[in-house]
Amino acid sequence: MKLMDIVVKDAIIPVLKQANRDGVITEMVEALVSAGCVAEEQREEFTKAIIRRENKGSTGFGHGVAVPHVKHADIKTMHIAIGNSTEGIDFKALDREPVYSVVLLLSPEDQPENHLDAMEAIFSSLSQDTFRRFLRQASNADDVITLFSETDNAVR
């Protein structure tokens with residue numbers, strides 16, 4: 001799966017304003033609403049669903065990254081929002097370190113295979129030290145797009 005098929009350029013936040021996990025999730029869902037990928041009336045439901053999922057087990061898998069995600073019946077198309085924090089966010093990550101890059105994935109509930117493919121592609125990229133470093137250093141949406149495009153072309 002090519003991540004650029006589901007990354008929403010207008011939902012890339014080079015510097016997150018929020019400093020805590022739930023605030024960051026809310027900010028990123030808001031970016032998807034602003035980009036026209038999530039309906040205004042779905043904002044609260046999707047935000048709560050992601051936070052519920054996060055409360056079951058942190059998606060901060062270490063190395064300064066987190067991948068909050070949710071499958072939901074009202075999501076029709078997969079979308080990814082991306083955000084970076086300069087200060088670091090407590091995501092209750094497995095390594096107990098702050099999270100600096102967040103990749104938020106919304107998936108249709110009736111497409112579990114596509115959700116798994118997307119998660120695999122995300123983790124494949126985020127498992128590379130160089131990718132994580134460049135993502136964290138990205139200062140604008142174009143830098144993030146370039147990074148994901150290069151990874152899509154090189155890996156897949």
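How many residues does region 108-156 contain that are touching a strand residue (DSSP E or B) at 6+ places or on another chain (Cβ under 9 Å) and of a type in the set (Phe, Trp, Tyr)? The qualifying residues number 2. If you go through region 40-60 one residue at a time, do you hit one that is among the polar types (S, T, N, Q), in contact (Cβ under 8 Å) with a residue 40 or more places away in the chain and either part of a loop (DSSP other than H, G, I, E, B) or surrounded by 21 or more Cβ atoms within 10 Å (Cβ to Cβ) (or both)? No, region 40-60 contains no residue that is among the polar types (S, T, N, Q), in contact (Cβ under 8 Å) with a residue 40 or more places away in the chain and either part of a loop (DSSP other than H, G, I, E, B) or surrounded by 21 or more Cβ atoms within 10 Å (Cβ to Cβ) (or both).
Table: residues versus (1) of a type in the set (D, E, K, R); (2) under 23 Å from Glu113 (Cα atoms); (3) touching a residue at least 24 places away in the same chain (Cβ under 8 Å).
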residue	(1), (2), (3)
Val8	no, yes, yes
Ala11	no, no, yes
Leu16	no, no, yes
Lys76	yes, yes, yes
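Name the residues in region 61-74 that are over 16 Å from Val8 (Cβ atoms) and either in contact (Cβ under 8 Å) with a residue 40 or more places away in the chain or within 11 Å of the chain's Cα centre (by Cα) (or both), would you? Scanning region 61-74 gives Phe61, His63, Gly64, Val65, Ala66, Lys71. Scanning region 1-27 for residues that are basic (Lys, Arg), surrounded by fewer than 17 Cβ atoms within 10 Å (Cβ to Cβ) and outside any loop (DSSP other than H, G, I, E, B) turns up just one, Lys9. Just to be sure, is Val33 β-branched (Val, Ile, Thr) and in contact (Cβ under 8 Å) with a residue 24 or more places away in the chain? Judged against the criteria, Val33 is not a match.
Since every read-out is calculated from the coordinates, none of them should be taken as a lab result. What you see is a predicted model, and the numbers here were worked out from it, not measured in a lab. Cβ coordinates were reconstructed from backbone atoms using ideal geometry, including for glycine residues, and neighbour counts include every protein chain displayed.
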